[in-house]
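Below: one structure, written as structure tokens.
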Amino acid sequence: MNTIQLSRLRHQQLDYWALRFAYNTELIARVKALGGARWSATHRQWLLPYASYTEAELREALAGIVVERKAGRGLASGADSLEAPHPVQLQAVEQFTRWLRTHRYAENTVKTYTEALLVFLRYYREREPTSLGIPDLEAFNHDYILKHRYSFTYQNQMINAIKLYYGKLLGRWLETDQIERPRRPQRLPHVLSKEEVKKILLAPTNIKHRCMLAIIYGCGLRRSELLGLKLEDIDVERNILWIRGGKGAKDRRVPLSAMLIKQIAYYREAYPTQIWLFEGQLKGTPYDEQSLQAVFKRAVRKAGVHPDATLHWLRHSYATHLLETGTDLRYIQVLLGHKSSKTTELYTWVTQPAFEKLKSPLDDLWDE
């Protein structure tokens, strides 16, 4: 008997329906036929945008298959109160999607913003999008976001998406400055020691996997920046790596070490790609984001380092290790592509030399 275990899952600040089942080509085809379905290598489940389907709609679409409901992880209770999207709302989201892509927003931003808008419109299913205003946004913020204790990041993405949609597509700029928002937490970046980084980089036996992780750390890249690299972005003569269309649609360049150039050359001999530096399973397509996450998690487990480490920790470690070896903070800001120097300054609080030089005033009170 074909059985799918259905649950609710929160992943990267977004809500999903998670579908788990034993490998079955027929079931995979049925699930892939649903709009927005994607495989998560991290969670080992198929994911569907939570805002796009009700449970009843999923059961109807999967008719003839036993669907067992399981309590999900990380999604606030009460989210089921959202009604199924109305065709008018879906049309508004499609228009917003086209506008974002036309204006060259990053695909991750397109996905985040359109799903955020759909959640908001579903909350007011019986009303036309054009009839909603600031009072409705305030009520949604208080009765949905704050009530369910969603994170600051989720709340900020939600409000920014709604403000952009109404301002650019409907010509009604919503004054969101007075919307109640919690104080953003100031967390220090997570940093691995050089020895821990070394263990992670040496853990993969696959040269492709090892090269990807080495570039992320050796150049301080974001995940999307690595996956967006093309062969033309490597300037071997000048020892430079170009990052094009990074966060904020900004280009920048970072130095390539001699060791990294050798590793890239070794990788290219084994994997002679044509367009992307790192291809996916299908020729001519970039490497999959979830697959990269899985590569890193396997390396972390094998290396036996911090189990909660993420790919972004390699970027944090790159910046911190540069600072510890005396690199000027202004250069690090440029290398990381930070818009504000305040973001880069956080690394000064996690460098070892900075703490080693600190002296407690207690030491001046008496001599041993």
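Quick note: the coordinates plus some simple rules give every number you see, no bench work behind them. Computed from a predicted structure; not experimentally measured. All Cβ positions, glycine included, derive from the backbone under ideal geometry; neighbour counts span all protein chains shown.
Identify which of His142, His103, His312 has the largest mean-square fluctuation in a Gaussian network model of the chain, with springs joining Cα atoms closer than 10 Å.
His103
Neighbouring Cβ atoms within 10 Å as the yardstick, rank Ser131, Ser317, Ser193, Ser7 fewest first. Please list the in-between numbers first.
Details: Ser131 8, Ser317 25, Ser193 14, Ser7 18.
So the ranking, lowest neighbour count to highest, is Ser131, Ser193, Ser7, Ser317.
Given a Förster distance of 30 angstrom, what is the FRET efficiency for His312 paired with Leu365, based on the Cβ-Cβ distance and rounded to 0.05? Can you show the working numbers first?
Details: r = 42 Å, r/R0 = 1.40.
Here the calculated transfer efficiency is 0.10.
May I ask you to compute the full-extension gain from Ala265 to Thr102, defined as 0.36 nm times their residue separation minus their alpha-carbon distance, rounded to one decimal in nm?
Details: separation 163, 0.36 × 163 = 58.68 nm, distance 3.64 nm.
Taking Ala265 through Thr102 to full extension adds about 55.0 nm, to one decimal.
Please order Leu47, Leu365 by the number of other Cβ within 10 Å, starting at the fewest.
With the fewest neighbours first, Leu47, Leu365 line up as Leu365, Leu47.
Which of Trp242, Trp313, Trp99 comes first, and how do the rest follow, when ranked by fewest Cβ neighbours within 10 Å? Before the final figure, lay out each step's value.
Numbers: Trp242 14, Trp313 23, Trp99 17.
Taking fewest neighbouring Cβ atoms as first place, the list is Trp242, Trp99, Trp313.
Whole-Å semi-axes of the chain's equivalent ellipsoid, largest first, each the root of 5 times a Cα gyration tensor eigenvalue? List each step's numbers first, then the result.
Numbers: eigenvalues 295, 160, 97 Å².
Rounded to whole Å, the semi-axes are 38, 28, 22.
Quote the Stokes-Einstein diffusion coefficient, in whole µm² s⁻¹, for the stretch 3-75, based on the Kirkwood radius over alpha carbon pairs, a temperature of 37 °C and a viscosity of 0.692 mPa s. Don't skip to the end; give the middle numbers.
Details: Rh = 12.2 Å.
Using the Kirkwood radius from Cα pairs, D works out to 269 µm²/s.
Would you mind telling me which residue in Asn206, Asn239, Asn24 has the biggest mean-square fluctuation in a Gaussian network model of the chain, where springs connect alpha carbons within a distance under 10 angstrom?
The residue that fluctuates most here is Asn24.
Could you list, in their original order, any pairs among Lys163/Lys339; Lys111/Lys208; Lys230/Lys283; Lys250/Lys342; Lys262/Lys339; Lys199/Lys283 whose Cα atoms are separated by more than 25 Å? Could the numbers behind the result be given before it?
Details: Lys163/Lys339 22 Å; Lys111/Lys208 28 Å; Lys230/Lys283 14 Å; Lys250/Lys342 18 Å; Lys262/Lys339 31 Å; Lys199/Lys283 31 Å.
Long pairs (Cα-Cα over 25 Å): Lys111/Lys208; Lys262/Lys339; Lys199/Lys283.
What is the log10 of I(q)/I(0) for the stretch 216-305, computed with the Debye formula using one identical point scatterer on each Cα and no solvent, at q = 0.16 Å⁻¹?
-0.71
Per 10 Å bin, what is the whole-percent P(r) computed from every C-alpha pair distance within the stretch 194-354?
Each 10 Å bin holds this share of Cα pairs: 10, 40, 38, 12, 1.
With the contact rule set at Cα under 8 Å and sequence spacing of 6 or more, what percent relative contact order holds for the chain? Write down the numbers at each step before the final one.
Numbers: 438 pairs, mean separation 49.5, N = 368.
After rounding, I find 13 percent.
Helices from the chain with mean Kyte-Doolittle at least -1.0 and a Cα length along the axis of 15 Å or more, per DSSP H: which? It would help to have the intermediate numbers written out before the result.
Details: long enough: 87-102 (22 Å, -0.39); 107-123 (24 Å, 0.05); 152-168 (24 Å, -0.44); 207-219 (17 Å, 0.98); 258-270 (19 Å, 0.16); 289-303 (21 Å, -0.51); 311-324 (20 Å, -0.31).
Passing helices, by number: 87-102, 107-123, 152-168, 207-219, 258-270, 289-303, 311-324.
I'd like to know how the stretch 270-328 sits against the 2.2 N^0.38 Å rule of thumb: what's its Cα Rg over that expected value? Walk me through the numbers before you get to the answer.
On the way: Rg = 15.2 Å, N = 59, 2.2 N^0.38 = 10.4 Å.
Here the answer is 1.47, to two decimals.
If you project the alpha carbons of the stretch 106-224 onto the principal axes, what extent comes out on each, in Å, largest first?
57, 27, 21
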